[in-house]
């Protein structure tokens with residue numbers, strides 16, 4: 001999957017959050033979008049995953065050298081972000097089944113393997129509403145990593161995780177990010193230290 005930005009900008013009301021971004025995100029590469037809180041990292045990520053339209057410029061998506069329409073980008077994407085909601089009326093088991101009605105598992109992974117990787121013993125039949133914030137974050141991450149998609153987008157991926165959870169996240173990166181276009185929005189180096197490319201949102205302020 002390749003994403004090409006041509007003079008991209010986004011504003012709310014009259015205020016530009018960022019503008020003039022010319023950049024290409026290439027398949028199989030790892031990218032960090034950097035900036036302080038409130039700088040527009042998450043907004044740019046939403047433009048990159050086609051859930052938000054740019055206010056200026058053009059964005060092109062291609063997969064295996066064929067164009068992808070913006071309303072089909074979601075088929076190629078796995079996303080974990082603080083603002084994504086889980087269905088709290090579901091049990092863990094039901095949430096996994098529901099998610100993978102829309103996505104395929106990565107090779108070698110099935111429901112049992114995913115739940116084992118999650119490392120939350122005796123939680124399979126627990127309602128998500130009773131999960132701690134850290135457990136919910138682990139679930140968001142494991143669903144994104146284990147889905148067979150060419151793009152992986154992670155926004156503040158270690159939010160609500162303790163030190164053990166951060167190590168667990170990094171182990172998922174090593175195993176499941178290889179070969180995918182991976183984009184991490186962060187201002188904490190332990191979340192994006194593995195990324196080959198860095199884009200600072202502050203460079204595109206008007």
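I'm checking my understanding of the structure. Among residues of region 77-93 that are farther than 25 Å from residue 61 by Cα, part of a loop (DSSP other than H, G, I, E, B) and touching a residue at least 12 places away in the same chain (Cβ under 8 Å), which one is nearest to the chain's Cα centre (by Cα)?
Going through the qualifying residues, I end up with 86.
Suppose the filter is surrounded by 12 or more Cβ atoms within 10 Å (Cβ to Cβ), touching a strand residue (DSSP E or B) at 6+ places or on another chain (Cβ under 8 Å) and either in contact (Cβ under 8 Å) with a residue 24 or more places away in the chain or assigned to a loop (DSSP other than H, G, I, E, B) (or both); does residue 61 pass it?
Numbers: surrounded by 12 or more Cβ atoms within 10 Å (Cβ to Cβ): yes; touching a strand residue (DSSP E or B) at 6+ places or on another chain (Cβ under 8 Å): yes; either in contact (Cβ under 8 Å) with a residue 24 or more places away in the chain or assigned to a loop (DSSP other than H, G, I, E, B) (or both): yes.
So residue 61 fits the description; yes.
Looking at 96, 184, which is the one that is closer than 30 Å to residue 72 by Cβ, touching a helix residue (DSSP H, G or I) at 6+ places or on another chain (Cβ under 8 Å) and either at pLDDT below 95 or in a strand (DSSP E or B) (or both)? If you could, list the steps in order and put the result at the bottom.
Numbers: 96 fails: either at pLDDT below 95 or in a strand (DSSP E or B) (or both).
Only one candidate qualifies: 184.
Would you check which residues across region 7-28 are assigned to a strand (DSSP E or B), surrounded by fewer than 14 Cβ atoms within 10 Å (Cβ to Cβ) and in contact (Cβ under 8 Å) with a residue 24 or more places away in the chain and list them?
7, the sole residue that qualifies.
Has region 149-164 got at least one residue that is over 24 Å from residue 38 (Cα atoms) and over 12 Å from the mean Cα position of the chain (by Cα)?
yes
This table checks each residue for (1) more than 22 Å from residue 179 (Cα to Cα); (2) touching a strand residue (DSSP E or B) at 6+ places or on another chain (Cβ under 8 Å).
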position: 65; (1), (2): no, no
position: 78; (1), (2): no, yes
position: 97; (1), (2): yes, no
position: 109; (1), (2): no, no
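Within region 191-202, how many residues turn out to be loosely packed, with under 14 Cβ neighbours inside 10 Å and touching a helix residue (DSSP H, G or I) at 6+ places or on another chain (Cβ under 6 Å)?
Number satisfying all stated conditions: 0.
I'm trying to understand the selection: among the residues of region 106-126, which are surrounded by fewer than 16 Cβ atoms within 10 Å (Cβ to Cβ) and not in a helix (DSSP H, G or I)?
107, 108, 110, 119, 121, 122, 124, 125, 126
Looking at 73, 68, can you tell me which residue is modelled with pLDDT of 95 or more, surrounded by 15 or more Cβ atoms within 10 Å (Cβ to Cβ) and under 17 Å from the mean Cα position of the chain (by Cα)?
73
Restricting attention to region 127-181, report how many residues are part of a strand (DSSP E or B) and touching a helix residue (DSSP H, G or I) at 6+ places or on another chain (Cβ under 8 Å).
Residues meeting the conditions: 6.
Kindly check whether there is at least one residue in region 38-51 that is more than 18 Å from residue 79 (Cβ to Cβ) and either in a strand (DSSP E or B) or touching a helix residue (DSSP H, G or I) at 6+ places or on another chain (Cβ under 6 Å) (or both).
Yes, region 38-51 has at least one match.
The values are calculated or read from the model by the stated rules, or taken from the named source; none is laboratory data. Quantities reported herein were computed from a predicted structural model and do not represent experimental measurements. Ideal geometry is used to build each Cβ from the backbone, glycine not excepted, and the neighbour counts take in all protein chains shown.
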